[in-house]
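In what follows, a single structure is set out as structure tokens and then discussed.
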Amino acid sequence: MVNSRSGHSATLLDDNSVLVAGGFGSQSEDTAERYDPVRDRWTPAGKLNDPRISHAAVRPSDGRVLITGGNNSTGRGTVLSSAEWYNPTTNGWVPAPSMSTGRSGHTATLVNSIVLVVGGDDPAHSSAGAERYDPRSNTWSDGGSLSPGRTRHTATALSDGSVVLLGGEIQDTPVAGSSNYDPLTNRWEPST
């Protein structure tokens, strides 16, 4: 990479290049860059609207990349609710509607063309909430609630359209539990 960074996102684009966005260098970064593995070359990919670290990135079927939340160390550690789109055709960033709450260390998973954002640290604690974003209507809606809240977990979409959430932390304590999300009922259930 051209810029040193940690806590960034890396997302595969339709042309097989990789978008690297945000992260932490000497502070939260608002820079992005693309890596072309065929040419082994890095090129600038515009500037994010908000510097962010520990955010989530997901690429819906239209080829754009949605970045959600994170933490802005330049804003005194502000946990962000903002979201933004990267358009690989224009190589630019535009704001998306904000989530209902700030999140950092959360996941964003594509489920049947809907982006499911789960958990993370909100300004007060590990969040138990989830939100769904519909790129077609450009709106957020409630995504149910899991128990307990967690951060730094993984979320994987399964072939039946459900999502399994694994591990993570609750107030800096690692957990082994998992939860399943059913998009038809918009409910979370602990795994058996």
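The values are calculated or read from the model by the stated rules, or taken from the named source; none is laboratory data. Since the structure is predicted, the reported quantities are computational estimates derived from the model, not experimental observations. Don't worry about glycine lacking a Cβ; one is built from the backbone with ideal geometry, like all the others, and counts go over all protein chains shown.
Could you please tell me which pairs satisfy a Cβ distance under 8 Å, a separation of 6+ or placement on different chains, a first residue in the stretch 167-192 that is touching a residue at least 40 places away in the same chain (Cβ under 8 Å) and within 22 Å of ASP122 (Cβ to Cβ), and a second residue that is acidic (Asp, Glu) and exposed (fewer than 13 other Cβ atoms within 10 Å of the Cβ)?
Note: pairs meeting the criteria are ASN186/ASP142.
Select from the stretch 132-146 the residues that are within 14 Å of the chain's Cα centre (by Cα) and within 18 Å of SER9 (Cβ to Cβ) and list them in ascending order.
Passing the criteria: only TYR133.
Within the stretch 102-119, track down each residue that is under 14 Å from the mean Cα position of the chain (by Cα), more than 14 Å from GLY144 (Cα to Cα) and assigned to a loop (DSSP other than H, G, I, E, B).
Within the stretch 102-119, GLY102, ARG103, GLY105, HIS106 meet the criteria.
Based on this model, can you work out whether ARG34 counts as touching a Ser or Thr at 6+ places or on another chain (Cβ under 8 Å), under 21 Å from HIS153 (Cβ atoms) and of a type outside the set (Ser, Thr, Tyr)? It would help to see each step written out before you state the result.
On the way: touching a Ser or Thr at 6+ places or on another chain (Cβ under 8 Å): yes; under 21 Å from HIS153 (Cβ atoms): no; of a type outside the set (Ser, Thr, Tyr): yes.
Here the answer is no, as ARG34 does not meet what is asked.
Could you check, for the stretch 129-141, whether at least one of its residues is of a type outside the set (Lys, Arg), under 19 Å from ARG52 (Cα atoms) and either surrounded by 19 or more Cβ atoms within 10 Å (Cβ to Cβ) or touching a residue at least 40 places away in the same chain (Cβ under 8 Å) (or both)?
Going through the stretch 129-141, the residues of a type outside the set (Lys, Arg) turn out to be 129-131, 133-135, 137-141.
From the residues that got through so far, the ones that are under 19 Å from ARG52 (Cα atoms) too are none.
Looking for residues that are of a type outside the set (Lys, Arg), under 19 Å from ARG52 (Cα atoms) and either surrounded by 19 or more Cβ atoms within 10 Å (Cβ to Cβ) or touching a residue at least 40 places away in the same chain (Cβ under 8 Å) (or both), one finds none in the stretch 129-141, hence no.
May I ask you to list the residues in the stretch 9-30 that are at pLDDT 95 or above, under 18 Å from the mean Cα position of the chain (by Cα) and either within 14 Å of THR68 (Cα to Cα) or crowded, with 19+ Cβ neighbours inside 10 Å (or both)?
Once the filter is applied, which keeps residues that are at pLDDT 95 or above, under 18 Å from the mean Cα position of the chain (by Cα) and either within 14 Å of THR68 (Cα to Cα) or crowded, with 19+ Cβ neighbours inside 10 Å (or both), the stretch 9-30 yields SER9, ALA10, THR11, LEU19, VAL20, ALA21.
Quick check on LEU48: is it touching a residue at least 60 places away in the same chain (Cβ under 8 Å), closer than 24 Å to PRO97 by Cβ and surrounded by fewer than 23 Cβ atoms within 10 Å (Cβ to Cβ)? Break it down into steps so the answer makes sense when it comes.
Details: touching a residue at least 60 places away in the same chain (Cβ under 8 Å): no; closer than 24 Å to PRO97 by Cβ: yes; surrounded by fewer than 23 Cβ atoms within 10 Å (Cβ to Cβ): yes.
Against the criterion (touching a residue at least 60 places away in the same chain (Cβ under 8 Å), closer than 24 Å to PRO97 by Cβ and surrounded by fewer than 23 Cβ atoms within 10 Å (Cβ to Cβ)), LEU48 does not qualify.
Return the only residue of GLU33, GLU29 being touching a Phe, Trp or Tyr at 6+ places or on another chain (Cβ under 7 Å), without any contact (Cβ under 8 Å) to a residue 60 or more places away in the chain and not aliphatic (A, V, I, L, M).
Numbers: GLU29 fails: touching a Phe, Trp or Tyr at 6+ places or on another chain (Cβ under 7 Å).
Answer to the check: GLU33.
With respect to ARG150, is the statement that it is more than 21 Å from ASN49 (Cβ to Cβ), basic (Lys, Arg) and surrounded by 15 or more Cβ atoms within 10 Å (Cβ to Cβ) true? Explain how you work it out, then say what you get.
On the way: more than 21 Å from ASN49 (Cβ to Cβ): yes; basic (Lys, Arg): yes; surrounded by 15 or more Cβ atoms within 10 Å (Cβ to Cβ): yes.
It is true that ARG150 is more than 21 Å from ASN49 (Cβ to Cβ), basic (Lys, Arg) and surrounded by 15 or more Cβ atoms within 10 Å (Cβ to Cβ).
Kindly evaluate ASP50 against the criterion of being part of a loop (DSSP other than H, G, I, E, B), over 23 Å from ARG152 (Cβ atoms) and among the acidic types (Asp, Glu).
On the way: part of a loop (DSSP other than H, G, I, E, B): yes; over 23 Å from ARG152 (Cβ atoms): no; among the acidic types (Asp, Glu): yes.
Spelling it out, it is not the case that ASP50 is part of a loop (DSSP other than H, G, I, E, B), over 23 Å from ARG152 (Cβ atoms) and among the acidic types (Asp, Glu).
Look through the stretch 59-74, keep the residues that are more than 19 Å from THR90 (Cβ to Cβ) and either modelled with pLDDT of 95 or more or not polar (S, T, N, Q) (or both), and return whichever of them is surrounded by the most Cβ atoms within 10 Å (Cβ to Cβ).
Narrowing the stretch 59-74 to residues more than 19 Å from THR90 (Cβ to Cβ): 68-74.
Imposing the further condition that a residue be either modelled with pLDDT of 95 or more or not polar (S, T, N, Q) (or both) reduces the set to 68-70.
Working: THR68: 28, GLY69: 27, GLY70: 34.
Restricting to residues being more than 19 Å from THR90 (Cβ to Cβ) and either modelled with pLDDT of 95 or more or not polar (S, T, N, Q) (or both), the top hit is GLY70.
Determine the pairs where a residue that is at positive phi, located within the stretch 102-117, has a partner that is of a type in the set (Ser, Thr, Tyr) and surrounded by fewer than 23 Cβ atoms within 10 Å (Cβ to Cβ) with Cβ atoms under 7 Å apart, the partner being 6 or more residues away or on another chain.
SER113/SER61
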